[in-house]
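Down below is the structure, laid out as structure tokens.
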Amino acid sequence: MASRMNEFRSFITKYPGIKDAVASGTSNWQSMYENWVILGENDPMWQQYKAVSNTKAKTSNNTIEDLLSQTSIKNVINYIKKIDPDSISKTLNTVQKVLQITQSFNGRPTGIYNNNYNSWWD
């Protein structure tokens, strides 16, 4: 049984479109294995998985190169153009105030009250 599974695995590498069919939900591994056992490797049914996988592989390589060279660079530049420095500054100021309030709950006075409090009691 293990050698039969190894043969099926090597068959799958010849026809990678089978993985796509299973991943998309149009088929499942059990039915593919049963068809392979009953029909054999030379059945014309398997040609559709070979042709689909080759064209997908070619287009996916071109798509990745296109994305890296054109689309993603344009998206990054457009995103950077949309950044508002004032909103970043306001957000950082808000975070700083929240941190100061949190520190005051820990018993450590912050800001100008620290100096006035100590000089009043001295």
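The values are calculated or read from the model by the stated rules, or taken from the named source; none is laboratory data. Note that the structure is predicted; figures quoted are calculated from it, not measured. Cβ coordinates were reconstructed from backbone atoms using ideal geometry, including for glycine residues, and neighbour counts include every protein chain displayed.
Values for this structure:
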{"item": "Pair list, Cβ < 8 Å and 6+ apart or interchain, from the range 37-63 residues that are under 16 Å from Phe11 (Cβ atoms) and surrounded by 12 or more Cβ atoms within 10 Å (Cβ to Cβ) to residues that are modelled with pLDDT under 65 and among the β-branched types (Val, Ile, Thr)", "result": "none"}
{"item": "Condition met for Ile73 (at pLDDT 70 or above, of a type in the set (A, V, I, L, M), exposed (fewer than 10 other Cβ atoms within 10 Å of the Cβ) and assigned to a helix (DSSP H, G or I))", "result": "no"}
{"item": "Boolean, Tyr33 is touching a residue at least 24 places away in the same chain (Cβ under 8 Å), part of a helix (DSSP H, G or I), touching a Gly at 6+ places or on another chain (Cβ under 6 Å) and surrounded by 13 or more Cβ atoms within 10 Å (Cβ to Cβ)", "result": "no"}
{"item": "Residues that are of a type in the set (Val, Ile, Thr) and either surrounded by 10 or more Cβ atoms within 10 Å (Cβ to Cβ) or at positive phi (or both), drawn from the range 78-94", "result": "Ile88, Thr91, Thr94"}
{"item": "Test: Tyr79 is touching a Phe, Trp or Tyr at 6+ places or on another chain (Cβ under 8 Å) and either farther than 23 Å from Lys14 by Cβ or modelled with pLDDT of 85 or more (or both)", "result": "no"}
